[in-house]
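Here the structure is laid out as structure tokens; the discussion comes afterwards.
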Amino acid sequence: SIMESVRGSDVFLVQSTCGPVNNNLMELLIMIDSCKRASAGRITAVIPYFGYARQDRKSKARDPISAKLVANLITAAGADRVLTMDLHAAQIQGFFDIPVDNMLGSSVLIPYIAGKFGVGTDDTVIVSPDLGSVTRARKFTEKLDMPLAIIDKRRPKANVSEVMNIIEGKKCILVDDLIDTAGTLCHAADALVEKGGATEVYACATHGVLSGPAIERIKDSPIKELAILDTIPLASEKKLDKINVLSVAPVFTEAIARIYEEVSVSTLFD
């Protein structure tokens, strides 16, 4: 129940569709429907972490495309716009028939790295843990004026990766959009130290799903510090000294204000 009138109002419903995913997703859909039926002027679904985003294509026969299904559900429920952060694949924006503003986690992570390591330092390298993250890592290198290294990996089965060869290594900062079981990240960190001769390894990512053995792997890995954003709340049992959680509230606050005032959101990232 919504306990006050929303008639004609600009409504922003804030809900990350992280675990328990289906409860959070249903709650969001029901709240959108509730606002729609209460004659809200415009409804923006603010989804810091968009669940099911990784199932964005059929990789084998009889696979669902869950990201498209969820996009359809949110649209059918009555949302007029979606505000999210670091979609796993940028083309998911095209799954929606309503406007999507995709915030960049790098707008929080890049200033953090700059404050910790400086800009244009010779002894620090931005590292992409796999080929899929190269474009993201390149944005970091451009803003921070640091060299880029790429880890070439083969993925024999889901959630397992093998590091095949390292391109370069120094004091390394691994950059990714999402950490699930942390297999890729910890493999990369091990390889940077053992094969690449990195002096120190740091990591940062937007979404800390941290499922299954992730916390144990991070604890045992050579990663000195992992910076993640709070798009997914970090459960108390997952808190580690080496995990540093940064807030996305300032980015979403500014984006919500700009949407409300009908001004450009993209200039946030200039």
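The values are calculated or read from the model by the stated rules, or taken from the named source; none is laboratory data. Model, not experiment: these values are computed from the prediction. No Cβ is skipped: glycine too gets one built from the backbone with ideal geometry, and neighbour counts run over all protein chains shown. The accessibility values were calculated without ligands, DNA or RNA, using every heavy atom of the protein model including side chains. Shrake-Rupley method; radii C 1.70, N 1.55, O 1.52, S 1.80 Å.
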### Query
In this structure, does R258 turn out to be at pLDDT 95 or above and of a type in the set (D, E, K, R)?
yes
### Message
Take T75 and tell me if it is more than 21 Å from D180 (Cα to Cα), in a helix (DSSP H, G or I) and β-branched (V, I, T).
### Response
yes
### Query
Does the stretch 45-68 contain at least one residue that is farther than 18 Å from T231 by Cβ and either touching a residue at least 40 places away in the same chain (Cβ under 8 Å) or in a strand (DSSP E or B) (or both)?
no
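Residues of the stretch 80-101 being in a loop (DSSP other than H, G, I, E, B) and touching a strand residue (DSSP E or B) at 6+ places or on another chain (Cβ under 9 Å), which ones?
Start the filter on the stretch 80-101 by keeping residues that are in a loop (DSSP other than H, G, I, E, B), which leaves 80, 86-89, 96-99.
Selection gives D80, D86, L87, H88, F96, I98, P99.
Can you pull out the residues in the stretch 104-154 that are part of a strand (DSSP E or B) and open to solvent by 50 Å² or more (accessible area, probe 1.4 Å)?
Step one: of the stretch 104-154, the residues part of a strand (DSSP E or B) are 124-128, 148-154.
Result: R154, single match.
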### Query
Out of (1) open to solvent by 60 Å² or more (accessible area, probe 1.4 Å); (2) in contact with a Leu (Cβ under 9 Å, 6 or more places away or on another chain); (3) of a type outside the set (K, R); (4) more than 23 Å from A90 (Cβ to Cβ), the odd one out for Y52 is which?
(4)
### Those residues of the stretch 1-20 which are open to solvent by 50 Å² or more (accessible area, probe 1.4 Å), assigned to a loop (DSSP other than H, G, I, E, B) and of a type outside the set (A, V, I, L, M), in sequence order
S1, E4, S5, G8, G19, P20
### Query
Restricting the search to the stretch 64-88, which residues are in contact with a Lys or Arg (Cβ under 8 Å, 6 or more places away or on another chain) and either of a type in the set (A, V, I, L, M, F, W, C) or farther than 23 Å from V209 by Cβ (or both)?
I65, A67, A77, G78, D80, R81
### Summary
A careful count of residues in the stretch 55-82 that are buried (at least 21 other Cβ atoms within 10 Å of the Cβ) and over 13 Å from L28 (Cα atoms) gives 1
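For the stretch 180-199, give me each residue that is touching a Ser or Thr at 6+ places or on another chain (Cβ under 9 Å) and either of a type in the set (K, R) or on the phi < 0 side of the Ramachandran plot (or both). Outline the logic, then answer.
Start the filter on the stretch 180-199 by keeping residues that are touching a Ser or Thr at 6+ places or on another chain (Cβ under 9 Å), which leaves 180-190, 193.
Once the filter is applied, which keeps residues that are touching a Ser or Thr at 6+ places or on another chain (Cβ under 9 Å) and either of a type in the set (K, R) or on the phi < 0 side of the Ramachandran plot (or both), the stretch 180-199 yields D180, T181, G183, T184, L185, C186, H187, A188, A189, D190, V193.
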